[in-house]
Amino acid sequence: MTAERIPGFRESRLPRLARRVPWRHVLTLVPLVLVAVIAVQHWPVLVDGFGHLRDASWPWLLAAGGATCLTWVAAAFTRQGAVIQPLPRWRLLATQLAAGSANHLLPTGLGSGAVNLRFMTVCGVPLATSSAALALYLLAESIARVGLMAVFFVAFPDALRLDGLLPAGDVGPVLAVAGALVAVALAGLLLVRRVREPVFRFVRSALGEARSVHTRPSRALALWGGSLAFPALQAAGLVAVGRALGLDVPPAHMALAYLAATVAVALIPTPGGLGSVEAALIVALVAAGGPVAVATAVVLAYRIITVWVPLLPGALTLGALVRLKVI
């Protein structure tokens, strides 16, 4: 049986127009539109942040910018360390810049994960392997961040002072509530099948890829070296901004405040942690002994340097990678 065109029948205009639209070119504009929308929504924060930068010490701000750029290199090392197959170096580095921008436009982790998953797929990595590599990256980065925070807590046990934030006698109840929430989360993980099975699959895939990766010392070094360097460079950036604005808090205490704040908000599903990270960082810096006004200025300036300044070039890179079919 063959289909015959009915005389006088004209194809609907909508399908014809849909085929004529250069969708790949349209997709390159989507990140820029999202950047504009988020910038409008957070315009007061941008104005305040740039206002604080005018009075800051520029050498320290340049150091913070350098630390931010090095985080993309650390992320590239970690991504390569999570997969056996070699990835194109410069395209991998550009993808990390684009992934950082995507991470601030979508709920935490989704944008970066989607960009890197697509990049590995285009590079010929099987979907199962790239998914396992993504799981291993997240697992290694989480272990490194929490481990680094634990080391700082042991080395500087008095760095974060909660007595200035909570009334006397309230620290115990707050810790009890936090412990209860952790216990409920663990119980849900163990008892609820729909939660337990995806989490266990995630861990199994990550551990399976980890066994393969650790047969290659160079891959293992890249994985764990990059995983440790990434949060360390982020914390160094905050320390540099704190120095630039004259925050009277020891550098190690500022680094611990950053690690504690980012670990605390890791599960909050906001795009790039916008809003939640700022609040947690201000609270942590005040707990480390910084004045509220100066701590607020430091956090706003830090987020300008690490989020808002790279957002536009990251979005442009993302659009270019989409157009060039790199992702």
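Within region 106-125, if we keep just the residues that are open to solvent by 10 Å² or more (accessible area, probe 1.4 Å), among the polar types (S, T, N, Q) and not in a loop (DSSP other than H, G, I, E, B), the residue that is modelled with the lowest pLDDT turns out to be Ser112.
On the stretch given as region 40-76, residues that are over 30 Å from Leu117 (Cα atoms), modelled with pLDDT of 80 or more, small (Gly, Ala, Ser) and in a helix (DSSP H, G or I) total 1. Of all the residues in region 236-247, those that are within 15 Å of Thr262 (Cα to Cα) and in contact with a Pro (Cβ under 9 Å, 6 or more places away or on another chain) number 2.
Screening Val283 against (1) surrounded by fewer than 23 Cβ atoms within 10 Å (Cβ to Cβ); (2) in contact with a Ser or Thr (Cβ under 8 Å, 6 or more places away or on another chain); (3) more than 26 Å from Pro86 (Cβ to Cβ); (4) in contact (Cβ under 8 Å) with a residue 40 or more places away in the chain leaves a single unmet condition, (2). Condition first: at pLDDT below 85, open to solvent by 50 Å² or more (accessible area, probe 1.4 Å) and more than 19 Å from Ser101 (Cβ to Cβ). Can you find one or more residues in region 310-319 that meet it? Among the residues of region 310-319, not one is at pLDDT below 85, open to solvent by 50 Å² or more (accessible area, probe 1.4 Å) and more than 19 Å from Ser101 (Cβ to Cβ), which makes the answer no.
If you go through region 197-247 and keep only what is closer than 30 Å to Ile304 by Cα, assigned to a helix (DSSP H, G or I) and open to solvent by less than 20 Å² (accessible area, probe 1.4 Å), you end up with Ala222, Leu223, Gly226, Ser227, Pro231, Ala235, Gly237, Leu238, Ala240, Val241, Gly242, Ala244.
Quick one: which of Ala128, Ala132 is modelled with pLDDT under 90 and either open to solvent by 40 Å² or more (accessible area, probe 1.4 Å) or acidic (Asp, Glu) (or both)? Break it down into steps so the answer makes sense when it comes.
Details: Ala132 fails: either open to solvent by 40 Å² or more (accessible area, probe 1.4 Å) or acidic (Asp, Glu) (or both).
From the options Ala128, Ala132, the qualifying one is Ala128.
The values are calculated or read from the model by the stated rules, or taken from the named source; none is laboratory data. Here the structure is a predicted model, which means the values were calculated and not measured. Virtual Cβ from ideal backbone geometry, glycine too; neighbours counted across all protein chains shown. When the accessible area is computed, the model is the full protein with side chains, heavy atoms only, and any ligands, DNA or RNA have been set aside. Shrake-Rupley method; radii C 1.70, N 1.55, O 1.52, S 1.80 Å.
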